[in-house]
1. Going by amide H atoms built from the backbone, whose H comes under 5 Å of the H on T182, apart from near neighbours?
2. Whole-Hz Karplus ³J(HN,Hα) for region 37-54, in order, using 6.51 cos²θ - 1.76 cosθ + 1.60 and θ = phi - 60°, x for Gly and Pro?
3. Per residue of region 146-152, in order, report the coupling 6.51 cos²θ - 1.76 cosθ + 1.60 (Karplus, θ = phi - 60°) as ³J(HN,Hα) in whole Hz, putting x for Gly and Pro.
4. Please list, ordered by chain and number, the residues whose modelled amide H lies under 5 Å from the amide H of V176; skip anything fewer than 5 residues away on the same chain.
5. Using a/c under 1.5 as the rounded threshold, could you call region 54-137 rounded, prolate or oblate? The axes a ≥ b ≥ c are square roots of the C-alpha gyration tensor eigenvalues, and prolate needs a/b larger than b/c, oblate otherwise.
6. Output wanted: per-residue J couplings in Hz (rounded whole) for region 105-113, from phi through Karplus 6.51 cos²θ - 1.76 cosθ + 1.60, θ = phi - 60°, x for Gly and Pro.
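Any read-out appearing in this document is the output of simple, stated calculations on the displayed coordinates, not a laboratory observation. These numbers come from a predicted model, not from an experiment.
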Amino acid sequence: MAMEADVFEYHKEEDTLDVESFQGEKRKLIQPTSLKDPKLEKLKQELVDWINKTLKPEHIVVQSLEEDLYDGLVLHHLLSQLAGVHLTVEEIALTSTAQIRKLEMIIEELDKRLGLQDCSHIKWNVKLIHNKDLLATIHLLVAMVRRFQPELDLPPNVKVEVVVVEVSRSGIKSDVQTEVLTEESSNMSSDSPSSAEREDPIEQLLKLEAHKVNTVKKAILHFVNQNMAAMGLQVADMDKQFADGVILLLLIGQLEGFFVPLFDFNLTPVNDSEMLHNVTLALDLLNDSGLQLSTVDPQGFPETMG
């Protein structure tokens, strides 16, 4: 029960950190369709089998890459078995603080052994591994296989579609990209963009699992409140407070550096007609600024946000 309570506290802490740490970072979220790709499933299974074979003398059995590597125990034993490195760390770290401290030592040593300590393009870090990020975990394990057991034939040409979300003071960007997990063959390089890459990135975001959509929404809320703070305003519920168009209009003015005259919109709309006027004006301003929003229906705006 103590462990369950601790895990619950950790998840509450993670939700809080997630919003703040989004600022200035790029997050990669695997598309649900890619998660079901047989090639990815095969790669995951072969990595699990490799771990279990390597750690058989330790009587350690891994079932899930997402759930079994985040606390550092498995990575610690892999480092010991594969590189002969024995770090002075807790065998079992129960609290998130202890797990992060343990992971910091393990990842630092692994990066050295992989020859990557000075590389700025490492695709994993302590935070990602501890947050059970599948993409980062696979990248790390593939790199370990290539370094410590290069004769192992992992499935080639494994790729996934990811939604890349970046939050900065100037706005939120999202894009759909292809992430290579194992090397491409030469005849794959000329492939045309997939249908996912041609789709609207926002539509792709909305297809993600619910907890990932919530993370993106929290990041947007964080961005909005940073820009609304100068006006003494704060948004607590994005779904409801954007429906009447007022916050949207004020935010546009803040970001574009102009003031929307109060006589042009209804600051305290009392009916659907006034709300619709506000939203229509906001969308017109966005279109005038160069954003292509032809697919957004002003009449459906309050409902789609709710």
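1. Amide H neighbours of T182: N157, V158.
2. 5, x, 5, 5, 4, 5, 4, 4, 5, 5, 5, 4, 4, 5, 4, 5, 5, 5
3. 4, 7, 9, 9, x, 6, 6
4. Distant-sequence amide H within range of V176: V164.
5. Details: a/c = 1.38, a/b = 1.16, b/c = 1.18.
Here region 54-137 falls in the rounded category.
6. Calculated HN-Hα couplings, in order: 5, 5, 5, 4, 5, 4, 4, 5, 5 Hz.
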